[in-house]
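Colleague: Here's a structure for you.
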Amino acid sequence: MPTEAQVIEALRPVEDPEIHRSIVDLGMVRGIGFAGDRVKVTVALTVAGCPLRNEITSRVTGAVEALDGVGGVDLDFTVMTDEERQALAQRLRAEGGGAPADGSARTNPFTDSRTRVIAIASGKGGVGKSSVTTNLAVALAQAGHKVAAVDADVWGFSMPRMLGIDRPPTVIDDVIVPPDANGVTLISMGFFAREDQPVVWRGPMLHKALEQFLSDVHWGELDVLVVDMPPGTGDVSMSLAQLLPRAEAVVVTTPQLLAQEVAVRAASMAEKTGMRVLGVIENMTSEVFGSGGGERLATELGVPLLGSVPLDVRLREAGDSGVPLVVSDPSSEISEAIFEIARGLDASRSGGFTRTLPLVG
């Protein structure tokens with residue numbers, strides 16, 4: 001049978017599926033016991049009713065059963081005390097996100113960090129911007145980058161479904177730990193509003209909500225933050241430009257002349273608020289909608305056409321199923337186009353998405 005120290009070392013690589021840190025380093029392993037060839041492990045969950053309890057069970061069991069002489073694992077759960085959660089929250093704040101422990105004002109870690117921020121915008125709705133954003137974020141994650149996304153389309157939030165996320169964020173003290181799927185960490189208005197209820201908020205309320213998305217969330221170490229902007233040039237877009245002063249914009253359009261004309265306004269708004277427009281993505285290229293609109297828009301704006309994504313019902317089906325097409329069918333024409341766009345974005349900055357130091361809240 002292994003020793004207690006050997007069991008602890010076997011558990012050290014096991015990460016909490018929400019915080020993505022070792023359960024040993026987080027102080028979640030509370031006891032190791034032995035009965036014959038069985039090992040008993042006691043784990044303290046961060047919150048009662050942890051939605052990923054089964055995942056923790058699977059990870060802990062697999063790690064311990066791999067040790068020689070172990071015939072089985074008995075897992076027992078307890079819950080952190082309020083004081084322990086406060087201590088953990090303080091630790092997470094130090095890594096970025098949540099109100100500082102001294103009671104001072106929250107800070108937006110993206111105003112001065114080196115994390116790259118890419119805002120995906122469109123002049124109008126219905127151009128497939130959210131589908132492109134979701135698959136592009138996953139493509140960047142598959143390229144080895146640490147990726148997070150903000151679903152800032154507050155009236156038409158759809159990224160939780162498209163990424164296959166069906167659980168809300170975990171709140172530890174006042175630190176929001178966002179869920180993730182397919183390599184992308186996500187915060188969305190969809191986690192805080194019922195799907196059958198409209199978001200009837202005025203501009204200042206929306207600005208405050210977006211500010212909290214950025215400052216109260218434990219983002220950790222990121223290479224790139226992808227933002228699904230709401231269509232048009234309204235209050236939310238202006239707030240995001242203010243909150244993310246170093247953001248770069250990508251404009252999504254369809255080949256239609258009307259979509260191209262409207263997309264110019266979104267690009268103009270981005271430039272007037274200080275964003276650098278990286279380029280244009282033409283979505284839904286097909287015999288139905290034609291082609292060339294993205295190229296015309298890019299020429300008019302004086303930026304490159306990053307790529308054209310063909311119209312295919314599989315992109316919509318993948319979004320409905322919660323498995324992005326770049327995951328379910330990475331060799332499809334659409335997926336290859338999105339991977340090529342991701343490589344182009346990476347190459348558009350000298351050195352690419354360079355891993356930075358952890359964000360400091």
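Colleague: Taking amide H positions as placed in the peptide plane 1.01 Å from N, state which residues far from residue 309 in sequence (5 or more) or on other chains have amide H under 5 Å from it.
Modeller: Placed amide hydrogens put 282, 283, 284, 285 under 5 Å from residue 309.
Colleague: Would you calculate a helix-derived [θ] at 222 nm for the chain, using -39,500 (n - 2.57) for each DSSP H run of n ≥ 4 and dividing by the full residue count, to the nearest 500?
Modeller: Numbers: 12 runs with 128 residues, N = 361.
When only DSSP H runs of four or more count, the value is -10500 deg cm²/dmol.
Colleague: Please report the relative contact order for the chain, taking Cα pairs under 8 Å with a sequence separation of at least 6, and give it as a percent rounded to a whole number. Don't skip to the end; give the middle numbers.
Modeller: Working: 721 pairs, mean separation 69.6, N = 361.
RCO, the chain: 19 percent.
Colleague: Next question, about the same structure. For residue 70, what charge total do you get from the other residues with a beta carbon under 13 Å from its beta carbon, if Lys and Arg give +1 and Asp and Glu give -1? The partial results should precede the final answer.
Modeller: On the way: positive: 38, 40; negative: 4, 37, 65, 68, 74.
Residues close to residue 70 contribute a combined charge of -3.
Colleague: If you don't mind, there's one more thing I want to ask. Hey, what does the equivalent ellipsoid look like for the range 107-180, semi-axes from the Cα gyration tensor as sqrt of 5 times each eigenvalue, largest first, whole Å?
Modeller: Details: eigenvalues 88, 56, 42 Å².
Here the semi-axes work out to 21, 17, 14 Å.
Colleague: Could you check which residue among 70, 277, 250 shows the biggest mean-square fluctuation in a GNM of the chain with a 10 Å Cα cutoff?
Modeller: It is 70.
Colleague: Next up: If the cut-off is 25 Å between C-alpha atoms, which lysines fall inside it for residue 208, apart from same-chain ones fewer than 8 positions away?
Modeller: Partners within reach: 124, 129, 272.
Colleague: Quick one: which residues, 5 or more positions from residue 249 or on another chain, have an amide H under 5 Å from its amide H? H modelled 1.01 Å from N in the peptide plane, none for Pro or chain starts.
Modeller: 119, 276, 277, 278
Colleague: Sticking with this one: Among 16, 25, 228, whose mean-square fluctuation peaks in a Gaussian network model of the chain (Cα, cutoff 10 Å)?
Modeller: Fluctuation is largest for 25.
Colleague: Under the rule of at least 5 residues apart or a separate chain, name every residue whose amide H is placed under 5 Å from the amide H of residue 78.
Modeller: 43, 44, 45
Colleague: Defining a contact as two alpha carbons under 8 Å apart and six or more residues distant in sequence, what relative contact order in percent does the range 293-340 show?
Modeller: Numbers: 29 pairs, mean separation 15.6, N = 48.
With pairs under 8 Å counted, the relative contact order is 32 percent.
Colleague: Ranked highest first by average number of other Cβ atoms within 10 Å, how do 71-83, 175-187 line up?
Modeller: Details: 71-83: 13.1, 175-187: 22.8.
In descending order of packing, they fall as 175-187, 71-83.
Colleague: Another question about this same structure. Count the DSSP beta bridges whose two residues both fall in the chain, then state the antiparallel fraction as a percent rounded to the nearest 5. Present the calculation step by step, with values, prior to reporting the outcome.
Modeller: On the way: 13 of 52 bridges.
About 25 percent, rounded to the nearest 5.
Colleague: Now for a different question. How much area per residue is accessible in the chain when the probe is 1.4 Å and only protein heavy atoms are counted (Å²)? Provide the component values of the computation, followed by the final result.
Modeller: Numbers: 15580 Å² over 361 residues.
The answer is 43 Å² per residue.
Colleague: In percent, how large is the relative contact order of the range 22-97, given Cα pairs closer than 8 Å and 6 or more residues apart?
Modeller: Values: 77 pairs, mean separation 24.5, N = 76.
With pairs under 8 Å counted, the relative contact order is 32 percent.
The values are calculated or read from the model by the stated rules, or taken from the named source; none is laboratory data. This structure is a prediction, so every number in the text was calculated from the model and none was measured. Cβ sites come from the backbone with ideal geometry, for glycine too, and all protein chains shown count toward neighbours. Heads up: the accessible areas ignore ligands, DNA and RNA and are worked out on the full protein's heavy atoms, side chains in. Shrake-Rupley method; radii C 1.70, N 1.55, O 1.52, S 1.80 Å.
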